[in-house]
Amino acid sequence: MGSNSLEFLSRLENSVLRHHEFYKNSLPMIASENITSGLVRRFYTTDFGHRYAEGKVGKRFYQGCEFIDEVEELAINLTKKLFYADHVNVQPISGVVANIAGFFALTKPSDLIMALSIPCGGHISHDKYSAAGIRGLKVKHYPFNNEEMEIDVDETARIARRERPKLFVLGSSLILFSQPVKELSEVASEISAKVMYDASHVLGLIAGKQFQNPLKEGADVVTGSTHKTFFGPQRAIILSKKEIADEIDRAVFPGVVSNHHLNTLTAYTASVIEMIEFGEEYAKQVVRNAKKLAETLYDLGFNVVGENRGFTETHQVAVDVSELGGGAKVAKKLEKINVVLNMNLLPWDSIENTSNPSGIRMGVQEITRLGMKEGEMEEIAEIFHACLIKGLEDVALRERVRELKSEFSKIKYTFEEEEAYTWGR
Ligand SMILES: *Cc1c(COP(=O)(O)O)cnc(C)c1O
């Protein structure tokens, strides 16, 4: 091997090892991430990842798909059962891809849709910058009540009866509380519109029966990433009513996927089995932890969002840190003590304010998967307080984070506990 290649390989390995070491010693609190169990990781490295399986189970375009069909059928059946869904498509390779398929199935170019603005929590793919824009949709934002962190349903109904949108998009990236699926589904049926709920963040909480199941409340379609509060690899699913099954399936293939990353399909299927077994217990602890973290931060003087409604009913906590220097500064300061989270726009921010928005957003789903409970949430809130309000020294606080984390290195809520951040040899 040439000496350059050796050097490149060693640089590659070094970066990967240091990444793992960093996560081992950190509090991973990005609300859209999670870790997978050893079981799911084993099913991530199957030969399936080298194959194509275009089309549907039993109706493929290439040979060699007998066992892939068995797996995809199992994935579909287990997913249907878990979510009480009439129809399931497990082929989208990511949440955005699932949303693009949803838009292609449910709308035509230049149709009007309603969605949450990005500061109010909407995902970029719900707006003109991304998936909705690619479909050529016009987007009107829901009127929003900042105090209640809630869509103004009456005003939305008035606007909808006047402007007759074709689709209501619900679900969001900043999501602290359940949303008015039932109410907007009623408005939708009045004006022949559809409802698509993007459950990317809360999919695991729905599977664990600790959050609203949009299908039961009248949504036509539910999209969602499988790697945030769900136990899966980075991938997505679409659940829908029977009537629109064909439109959804066509929009996925041949619409927006060709191969569908089949090693992540085997991994996803294993994660559904884990969810069936451990999802409820996990989701309960996630919500308990988020509430405890929010309450303790509030008691320590932080401006926690959603006070009127008890701060959170999900895995997320949002804090307005505009008086502490803003979201960008605070997120970077926390990174120095090995706490990983992100700055976030809040409903009272302008969409232009992406460089230093008012908020930070955090999620407890990964640290809960590692076994942390309410006591650890109190310690984390105190670390935030020591860092951001008392201004204690980084070195000591980083050590405090490392010590706390060192007792939580194994993945729980699975059949066999395994180390979370080891890699390779
Ligand atoms: C994360 C997220 C997505 C995107 O999912 P990917 O799997 O990253 O493509 C879509 N919608 C919402 C609401 C999200 O939070």
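The figures follow:
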| item | result |
| --- | --- |
| Residue match in the range 34-54 (condition: more than 30 Å from Phe253 (Cα to Cα) and assigned to a strand (DSSP E or B)) | no |
| Of the criteria (1) open to solvent by less than 10 Å² (accessible area, probe 1.4 Å); (2) touching a Gly at 6+ places or on another chain (Cβ under 7 Å), which one Glu280 fails | (1) |
| Every pair of residues 6+ apart whose Cβ atoms lie under 8 Å, when the first sits in the range 92-115 and is hydroxyl-bearing (Ser, Thr, Tyr) while the second is within 12 Å of the ligand (Cβ to nearest atom) and open to solvent by 30 Å² or more (accessible area, probe 1.4 Å) | Ser94/Gln234 |
| Residues satisfying the stated conditions in the range 380-416, i.e. acidic (Asp, Glu) and surrounded by 15 or more Cβ atoms within 10 Å (Cβ to Cβ) | Glu382 |
| Failed item in (1) among the hydroxyl-bearing types (Ser, Thr, Tyr); (2) exposed (fewer than 11 other Cβ atoms within 10 Å of the Cβ); (3) farther than 30 Å from Arg400 by Cβ, with Ser15 passing the rest | (3) |
| Pair list, Cβ under 6 Å, 6 or more apart: the range 365-387 residue part of a loop (DSSP other than H, G, I, E, B), other residue buried (at least 17 other Cβ atoms within 10 Å of the Cβ) and of a type in the set (Phe, Trp, Tyr) | Leu370/Phe408; Gly371/Phe408; Met372/Phe408 |
| Verdict on Ser350 being in contact with a Pro (Cβ under 9 Å, 6 or more places away or on another chain), open to solvent by 10 Å² or more (accessible area, probe 1.4 Å) and of a type in the set (S, T, N, Q) | yes |
| Flag for Arg42 being more than 16 Å from the ligand (Cβ to nearest atom), more than 19 Å from His227 (Cα to Cα) and open to solvent by 80 Å² or more (accessible area, probe 1.4 Å) | no |
| Criterion violated by Ile206 - all others in (1) within 16 Å of the ligand (Cβ to nearest atom); (2) touching a Phe, Trp or Tyr at 6+ places or on another chain (Cβ under 8 Å); (3) part of a loop (DSSP other than H, G, I, E, B); (4) among the hydrophobic types (A, V, I, L, M, F, W, C) satisfied | (3) |
| Residues located in the range 215-268, provided they are outside any helix (DSSP H, G or I), open to solvent by 10 Å² or more (accessible area, probe 1.4 Å) and polar (S, T, N, Q) | Gln234, Ser258, Asn259 |
| Test: Ser358 is among the small types (Gly, Ala, Ser), crowded, with 21+ Cβ neighbours inside 10 Å and touching a strand residue (DSSP E or B) at 6+ places or on another chain (Cβ under 9 Å) | yes |
| Flag if Ser15 is at negative phi and under 24 Å from the mean Cα position of the chain (by Cα) | no |
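The values are calculated or read from the model by the stated rules, or taken from the named source; none is laboratory data. Bear in mind that the values here come from a model prediction, so they are computed numbers and not experimental data. Counting neighbours? That spans all protein chains shown, and the Cβs are built from the backbone with ideal geometry, glycine included. Each accessible area value is taken on the protein alone, full model and side chains, heavy atoms only, with ligands, DNA and RNA left out. Shrake-Rupley method; radii C 1.70, N 1.55, O 1.52, S 1.80 Å.
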